[in-house]
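Asks: What follows is a structure written as structure tokens; I'll ask about it next.
The values are calculated or read from the model by the stated rules, or taken from the named source; none is laboratory data. Everything numeric in this text was worked out from a predicted model, so none of it was measured. Don't worry about glycine lacking a Cβ; one is built from the backbone with ideal geometry, like all the others, and counts go over all protein chains shown.
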Ligand code: NA7
């Protein structure tokens, strides 16, 4: 850190945005180009892309279909960008985000290679001071976090990692030059969406792959394929309708959730519907009946169908049993989609270790030892172990609000917010897709665009009415927390007790159901009402701000 006496005064901005992924880019455009604000985006990475800058592991692609995994605010972008595959792979998403940034001339206001260390609110001036790890400071009336929900890698503290003589990697911090698996014995820990994408690709290159599975998981085929010219033309011509669908559904995807119940049809009809859905593939598997995600008996029909598919695909009965004995309802954890994941276990060079039955004792210099004493020799270890989700990216920064209250203190018992957009005690801090927002339960660009536009609308309102500060009230925070809990309880989501939605994947993390499960369409309506009622639930500080 530079000496306090030699530190230059903070650079002055109207708004500082942290993060240059989908959220940060659009927030910059909204604030700079529509409101005329002076904005600086601070980004830790050496390039834009957010999640997709870091997640370059083998097989990394989005589970949302490409024609919906994009911004919808600009007809020009829809007209001029063309996706190549049903699900976009990570380099294509980065190319897309660079295309957007260039089209709107965003890069001149993005400062790369700049990791924010902390930020504090100056009550006298009603401004935030933001500090970077390099010792730079910035001052702004508004601080907007666009830090993503899954950007803080979770490397479990397994004893012995420091002594491992091979190479190890976390999927969310993958080396840009890639990893050469040829001729190597690879161990992969984790069978979430990431592990399920990575295993088939690693297995095709490595001498041997051992997958360490703690919790068996469902997966439905992605059926990824190049997009046909007809499909591309249909999307461009019909994007207004696609957008309407995305904005009217619970999860922001471009498909509707069927009205019918699992029990409105005969078992034979149901089986036929599931077969068609399996053949079509993708996240819409859960949209075939309205009650798959809310009713245990309905869910069990989908769960049993998928378990039977796993047993049919995997030839070795013992391996098939380990993969299909799943302890939670289908889609109660984030449902993965895959490209030949279960088929991978039919390869000669792939082994499954059930570490629920025989847990990892330690990592040794040459591999992994299980509690039974079994040793698995490894050259490379891949941690597909997920993220300190939603709160992790915030709490690794030192953020303090009114009266020096830190965010870590405010969230000691788990995150609380109003609408997932602001935290009491932290005036003028806006948290795009923060805990308490629909975020990770949705096709992310949809909540991101809604949040960025709502925040811009709020700031415009404040400027027009001479309002210096906005801060959630305790009452609104309390009632939103109750609403988030009630929304989760109305679904089967809390039934997956080890899910990262609950913070259960990180030892010691408070168990609070973090995303709002009431649906994106309902959430949008609530946010619009709050704004229309003069920002109900927020305290507005009417003192004028010194420019
Ligand atoms: P997830 O979904 O959190 O999956 C992580 C996986 O790693 C999961 O199978 C975990 O098992 C496993 N894990 C985590 N810690 C350990 C330890 N200590 N020992 C053994 N196994 C462990 O992360 P992903 O990266 O796959 O997906 C994150 C999201 O990215 C995804 O949902 C999409 O939204 C995109 P567990 O189930 O906890 O027993």
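Asks: Yes or no: the range 330-343 includes at least one residue that is part of a strand (DSSP E or B) and within 16 Å of the ligand (Cβ to nearest atom).
Replies: So far as the range 330-343 goes, yes, one or more of its residues are part of a strand (DSSP E or B) and within 16 Å of the ligand (Cβ to nearest atom).
Asks: Report whether or not residue 505 is more than 21 Å from residue 450 (Cβ to Cβ), in contact (Cβ under 8 Å) with a residue 12 or more places away in the chain and part of a helix (DSSP H, G or I).
Replies: no
Asks: Let me confirm something: among 361, 327, which residue is in a strand (DSSP E or B) and within 31 Å of the chain's Cα centre (by Cα)?
Replies: The conditions single out 361.
Asks: Also: Check residue 126 against each of (1) surrounded by fewer than 15 Cβ atoms within 10 Å (Cβ to Cβ); (2) more than 27 Å from residue 214 (Cβ to Cβ) and name the one condition it does not meet.
Replies: Unmet for residue 126, out of (1) surrounded by fewer than 15 Cβ atoms within 10 Å (Cβ to Cβ); (2) more than 27 Å from residue 214 (Cβ to Cβ): (1).
Asks: Would you tally the residues in the range 374-400 being away from the ligand (no atom under 16 Å from the Cβ), in a loop (DSSP other than H, G, I, E, B) and over 18 Å from the mean Cα position of the chain (by Cα)?
Replies: 2
Asks: I've got another one for you. Can you give me the number of residues within the range 90-111 that are surrounded by fewer than 20 Cβ atoms within 10 Å (Cβ to Cβ) and not in a helix (DSSP H, G or I)?
Replies: Going through the range 90-111 one residue at a time, the tally reaches 3.
Asks: Among the numbered criteria (1) surrounded by fewer than 16 Cβ atoms within 10 Å (Cβ to Cβ); (2) more than 29 Å from residue 35 (Cβ to Cβ), which single criterion is violated by residue 115?
Replies: (2)
Asks: For the range 39-64, which residues satisfy the criterion of being touching a strand residue (DSSP E or B) at 6+ places or on another chain (Cβ under 7 Å) and under 22 Å from residue 118 (Cβ atoms)?
Replies: 39, 40, 41, 42, 43
Asks: Considering (1) touching a strand residue (DSSP E or B) at 6+ places or on another chain (Cβ under 7 Å); (2) buried (at least 19 other Cβ atoms within 10 Å of the Cβ); (3) outside any loop (DSSP other than H, G, I, E, B), say which one residue 246 fails and leave the rest.
Replies: (1)
Asks: Also, I was wondering about something else. How about the range 73-89: which of its residues are in contact (Cβ under 8 Å) with a residue 60 or more places away in the chain, assigned to a helix (DSSP H, G or I) and buried (at least 16 other Cβ atoms within 10 Å of the Cβ)?
Replies: The one that is in contact (Cβ under 8 Å) with a residue 60 or more places away in the chain, assigned to a helix (DSSP H, G or I) and buried (at least 16 other Cβ atoms within 10 Å of the Cβ): 78.
Asks: Can you pull out the residues in the range 365-392 that are out of contact with any strand residue (DSSP E or B) (no Cβ under 7 Å at 6 or more places or on another chain) and farther than 30 Å from residue 434 by Cα?
Replies: 365, 372, 373, 374
Asks: So in the range 344-357, with the set limited to residues that are assigned to a loop (DSSP other than H, G, I, E, B) and in contact with a helix residue (DSSP H, G or I) (Cβ under 7 Å, 6 or more places away or on another chain), which one is surrounded by the most Cβ atoms within 10 Å (Cβ to Cβ)?
Replies: Of everything passing the filter in the range 344-357, 345 is surrounded by the most Cβ atoms within 10 Å (Cβ to Cβ).
Asks: Let me ask another. Identify all residues within the range 221-243 that are under 30 Å from residue 309 (Cα atoms) and outside any loop (DSSP other than H, G, I, E, B); write none if there are none.
Replies: Within the range 221-243, 221, 226, 231 qualify.
Asks: Residues being more than 22 Å from the chain's Cα centre (by Cα), within 14 Å of the ligand (Cβ to nearest atom) and under 25 Å from residue 53 (Cα atoms): count how many of those fall in the range 203-230.
Replies: Qualifying residue count for the region: 0.
Asks: Let me confirm something: among 146, 225, which residue is more than 29 Å from residue 395 (Cβ to Cβ) and either buried (at least 17 other Cβ atoms within 10 Å of the Cβ) or not assigned by TED's automatic domain parsing to the domain that holds residue 70 (or both)?
Replies: Unique residue meeting the criteria: 225.
Asks: Please work out which residue is farthest from residue 410 (Cα to Cα), limiting yourself to the range 457-489 and to residues that are surrounded by 21 or more Cβ atoms within 10 Å (Cβ to Cβ) and under 22 Å from the mean Cα position of the chain (by Cα).
Replies: Out of the qualifying residues, it is 488.
Asks: Same structure again: Return the total of residues in the range 488-511 being more than 16 Å from the ligand (Cβ to nearest atom) and either farther than 21 Å from residue 297 by Cβ or in contact with a strand residue (DSSP E or B) (Cβ under 8 Å, 6 or more places away or on another chain) (or both).
Replies: 1
Asks: Okay, moving on. When the range 169-185 is examined, which residues are found to be closer than 16 Å to residue 56 by Cβ and more than 11 Å from the ligand (Cβ to nearest atom)?
Replies: Those that are closer than 16 Å to residue 56 by Cβ and more than 11 Å from the ligand (Cβ to nearest atom): 169, 173, 174, 175, 176, 177, 178, 179, 180, 181.
Asks: When you look at residue 322, is it in contact with a helix residue (DSSP H, G or I) (Cβ under 9 Å, 6 or more places away or on another chain) and closer than 20 Å to residue 197 by Cα, yes or no?
Replies: no
Asks: Only one of 188, 197 is within 16 Å of the ligand (Cβ to nearest atom), under 30 Å from residue 300 (Cβ atoms), modelled with pLDDT of 95 or more and part of a strand (DSSP E or B). Can you tell me which?
Replies: Checking each option against the conditions leaves just 188.
This table checks each residue for (1) in a helix (DSSP H, G or I); (2) away from the ligand (no atom under 16 Å from the Cβ); (3) at positive phi; (4) touching a residue at least 12 places away in the same chain (Cβ under 8 Å).
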{"residue": "435", "(1), (2), (3), (4)": "no, no, no, yes"}
{"residue": "443", "(1), (2), (3), (4)": "no, no, no, yes"}
{"residue": "450", "(1), (2), (3), (4)": "yes, yes, no, yes"}
{"residue": "482", "(1), (2), (3), (4)": "yes, yes, no, no"}
{"residue": "526", "(1), (2), (3), (4)": "yes, yes, no, yes"}
{"residue": "529", "(1), (2), (3), (4)": "yes, yes, no, no"}
